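Throughout, read-outs are computed from the coordinates displayed, never taken from laboratory work. The structure presented is a predicted model; accordingly, all values stated were derived computationally and were not measured. Here the Cβ positions follow ideal geometry from the backbone for every residue, glycine too, while neighbour counts run over all protein chains shown.
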Amino acid sequence: MSDAESPSNPTLTPDAQTDDFEAVEVFPDSTDMDLRPGADNCYKCTACDVSCPVAEVDDEFPGPKFQGPEQWRLKRKEDEAVDDSIMSCSNCMRCDDACPSGVPLSQMHNTARGEYVDEEMDKLSREYIRNRILANYGTLAQLGGMFPRLANAVMGNSVVQRINEKVLGITAERDFPEFATQTFREWWNERGGPQVRSEEKRVAYFHGCYSNYNTPEVGKAMVRVFESFGYEVVVPKQRCSGTPMFANGMLDDAKRAAGINVDNFAGLIPEGYDIIASCTSCSMSLRQEYPELFDIDGIEDLSAHTYEALEYLRIHEDLEDAVREASVDDQAFAYHAPCHGRNQGLDRQAVELFRQLDGVEIEDVGDSCSGISGTYGWKEEKYDKSMQIAADMFDHMEHAQGSVGMTECPTCSMQMEHGTGYDIKHPLQLLEEALV
């Protein structure tokens, strides 16, 4: 019998077949997850491998199919260690979107990566220390946000960048993102919190690390746009969404952050609040990765009530008419849809919306990955590969009519600026310009 065949009884319903097998853990020591149904749905069509941007440029990377269901089957039969190639997965999650049979690929990858880090990686190694720093960017950003000018001077120094590369393996090819002189939360507190009160239209803003410490203008735009539609906006205390932690196998760190976020946001849902994120990786984390990986009270509620900001307005407001009646000074954009936005079905929303805005030309620069994938492109050994992955995006941007980029993802914006020199805007910033 081939691996693609199923030993199930065709006379039974799918539910009955599922109930008949004895649960087998994906990895030893796993107490809350059985991925056998999803793994057995894999019939080796290789759609996930074809969609993988890392496999396209890295001949040594075996691809999502091996990292997910094949590795699961191997561990099921033998007590094998997780293959170290799992650390080359960028966590772009395009494989989830590509799979025609619903195999939980990224869930498998995250679980495998967490086990590899816990059990196989040397905790004193340069790779582990570097990955731990990158995974906990929120901690670094908190320190940088206290002394932004000093932090910007130090992190922007070429000597420091070379030392970081030599000692930690953080590439010196990239300029470290500057910290804002006033964080979003400082601005929020200074303005006195919500400026609109409503019993019916309520949202809780998950700003994430980057909009707080590096691009508070995105958070400000989000607040002003939502308030212009009559929403009461609140900003609960929060931790990192966990996205960089998932990508680096730091699942204990991610679970601690998730617990705080679930506690602070899920309790608002019965009061009529939905959760809004301005970063597609943050919304993806709260929506998909939290309930896939953690068993925390309230986590399903949080997932079901989380939206990306533009998506939410398109669902609940007549945003298209509002934009159609507005106008801005002439400007042209080269738009890139983040992988984590594509996975939520949001890849066309900005293009569709802003093509109706008088004064704007916007062009989709294709479906290629930006290549940076959060922390992936910051690693010395991955930098060249990240730039190879991004080559199509760079080429399309340079041939687009606009010389300003647009995306919802902060690390995609880093890569876009790095590869083209273009200024990058978030869709919320253009929406603020048009409507507020």
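Radius of gyration (Cα atoms) of the range 139-286, expressed as a multiple of 2.2 N^0.38 Å: 1.16.
Taken about its Cα centre, the range 65-184 carries a charge dipole of about 340 debye when Lys and Arg each add +1 at the Cβ and Asp and Glu each add -1 at the Cβ. The phi torsions of the range 387-399, fed into the Karplus equation with coefficients 6.51, -1.76 and 1.60 and a -60° offset, translate into couplings of 6, 5, 4, 7, 4, 5, 4, 4, 4, 5, 5, 5, 9 Hz, rounded to whole numbers, with Gly and Pro shown as x.
Around the amide H of residue 333, modelled in the peptide plane, lie the amide H atoms of 361, 362, 363, 402, all under 5 Å away and 5 or more residues distant in sequence or on another chain. For the range 184-315, a simple Cβ point-charge model (Lys and Arg +1, Asp and Glu -1, everything else neutral) yields a dipole of about 460 debye relative to the Cα centre. Taking N as the residue count of the chain, its C-alpha radius of gyration divided by 2.2 N^0.38 Å amounts to 0.99. Distance from the C-alpha centroid of the range 304-328 to that of the range 106-176: 36 Å, rounded to the whole angstrom.
The mean sequence separation of alpha-carbon pairs under 8 Å and at least six residues apart, normalised by the residue count of the range 354-436, gives a relative contact order of 25 percent.
GNM remark for the chain: springs join alpha carbons under 10 Å apart, and the peak mean-square fluctuation among 374, 145, 102 falls on 102. DSSP beta bridges confined to the chain are antiparallel in about 5 percent of cases. Exposure proxy ranking for 237, 65, based on other Cβ atoms within 10 angstrom of each Cβ and starting from the fewest, stands as 237, 65. Each of 231, 43 was scored by other Cβ atoms within 10 Å of its Cβ. Arranged with the fewest first, they read 43, 231. Extension gain, residue 348 to residue 329, is 4.6 nm, computed as 0.36 nm per intervening residue step minus the present C-alpha separation. Here's how it looks for residue 196: its modeled amide H is under 5 Å from those of 233, which are all 5 or more places away or on a different chain. Binning all Cα-Cα separations of the range 122-211 at 10 Å, short to long from zero, yields these whole-percent fractions: 14, 36, 26, 15, 8, 1.
Of interest is the spacing of the C-alpha centroids, which for the range 239-288 and the range 333-385 amounts to 22 Å. Against the longest alpha carbon principal axis of the chain, how many degrees, from 0 to 90 and to the nearest 10, is the axis of helix 137-146 turned? It is inclined by approximately 30 degrees. Among 252, 59, 263, which one shows the biggest mean-square fluctuation in a GNM of the chain, springs joining Cα atoms closer than 10 Å? Top of the fluctuation ranking is 59. Taking the chain, the Cys residues with no second Cys beta-carbon under 4.7 angstrom are 42, 45, 52, 89, 99, 209, 240, 369.
Here the spin labels are modelled as points 7 Å beyond Cα on the Cα-Cβ line, and at residue 46 and residue 190 they lie 5.7 nm apart.
Within the range 126-168, the proportion of C-alpha pairs whose separation exceeds 18 Å stands at 34%. GNM on the chain, alpha-carbon springs under 10 angstrom: the most fluctuating residue among 330, 364, 392 is 330.
Per residue of the chain, the DSSP helices (runs of n ≥ 4 H) give a summed -39500 (n - 2.57) that works out to -13000 deg cm²/dmol at 222 nm.
A simple rule links phi to the HN-Hα coupling: the Karplus curve 6.51 cos²θ - 1.76 cosθ + 1.60 with θ = phi - 60°, which for the range 355-365 gives 5, 8, 8, 4, x, 10, 10, 9, 10, 6, 8 Hz, with x for Gly and Pro.
In plain terms, the chain from residue 318 to residue 229 could stretch by 31.0 nm, reckoned as 0.36 nm per residue minus the Cα-Cα distance. How far is helix 410-420 tilted off the main Cα axis of the chain, in degrees rounded to 10, range 0 to 90? Rounded to the nearest ten degrees, it is 80.
Annotation: amide H-H contacts under 5 Å for residue 277 (H modelled 1.01 Å from N, sequence separation of 5 or more, or interchain): 206, 307, 308, 309.
A straight chain from residue 271 to residue 124 at 0.36 nm per residue would run longer than the Cα-Cα distance by 48.3 nm. This ranking places 154, 404, 223 by how few other beta-carbon atoms lie within 10 Å of each, fewest first, which gives 154, 404, 223.
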